[in-house]
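Below is one structure; the comments refer to it alone.
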Amino acid sequence: MPALKPSPIPGTQSLMPTTDVVAYCPGSFDPITYGHLDIIERAAKLFGTVIVAVATDAQKDHLFSTDERVALCREVCAHLPNVIVQPFAGLLVEAAHASGATVIIKGLRQPIDLSHEGPMAAMNHSLRPEIETMFLLASPAYTYVSSSLIKWVCGMGGDISAHVPAVVGQRLREKLGA
Ligand code: PNS
């Protein structure tokens, strides 16, 4: 990594060029939706490398296995050359640090998301102040799209084609027998 340049503001350093920055985009991705993809695509325009980090969290009752969630993310992100997909376990900030990331990207759909994400960002900052959490607001078309709602609607035979890529819809219908 290039050295930080001195900043005109006393006692500070200027930002690294964003093209050198590795951003960590974590989530359950159970399954990945167009809402996730929107955030990933926008992050991929801002940062040199985006790591889509699929949580293996054993405490959560995922519909898809870790391998299935990683595989779906890889298929859906295949058109993005600076995006890589990998699973992660344990503390988010430690996984991000181990991958060389200095930014964590989270998407916010509704104001209420911040009440959940804010404390996590603050805790993560206390654990590793050198890693910055940045929030991207969901594009208007995706403010109500969540993996949970998609699974619910799909399981009841609803049309989810506007909310997930075709391959995800197909795997969901297979999984749910819908
Ligand atoms: O898509 P999700 O389920 O909202 O993703 C949540 C996730 C995986 C980002 C969150 O559960 C997480 O950060 N897990 C890693 C464990 C951790 O670091 N916990 C302390 C957070 S302050």
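Each reported figure results from applying straightforward, stated rules to the coordinates on display, with no laboratory input. As the structure is a prediction and not an experimental result, all values here were calculated from the model. Every residue, glycine among them, receives a Cβ derived from its backbone with ideal geometry; neighbour counts consider all protein chains shown.
Of note:
- Computed on the chain, the Cα convex hull volume stands at 130 Å³ per residue.
- Whether segment 89-172 is rounded, prolate or oblate, judged on the alpha carbon gyration tensor where a/c under 1.5 counts as rounded: prolate
- Note on segment 47-99: semi-axes of the ellipsoid equivalent to its C-alpha gyration tensor, largest first and rounded to whole Å, are 19, 16, 6.
- Overall form of segment 36-124 per C-alpha gyration tensor (a/c, 1.5; a/b vs b/c): rounded
- Computed extension gain for ALA162 through ALA89, at 0.36 nm per residue and net of the alpha carbon distance, reaches 23.2 nm.
- Its relative contact order, with pairs defined as Cα atoms under 8 Å and 6+ residues apart, puts the chain at 24 percent.
- DSSP-loop chymotrypsin sites (Phe, Trp or Tyr not before Pro) across segment 61-159, with at most 12 other Cβ within 10 angstrom: TYR144
- Extension gain for GLU41-PHE135 works out to 32.4 nm (0.36 nm per residue, less the C-alpha to C-alpha distance).
- Globularity index of segment 98-144, i.e. its alpha-carbon radius of gyration over 2.2 N^0.38 Å: 1.25
- DSSP-defined beta bridges in the chain - what % are antiparallel, rounded to 5: 5
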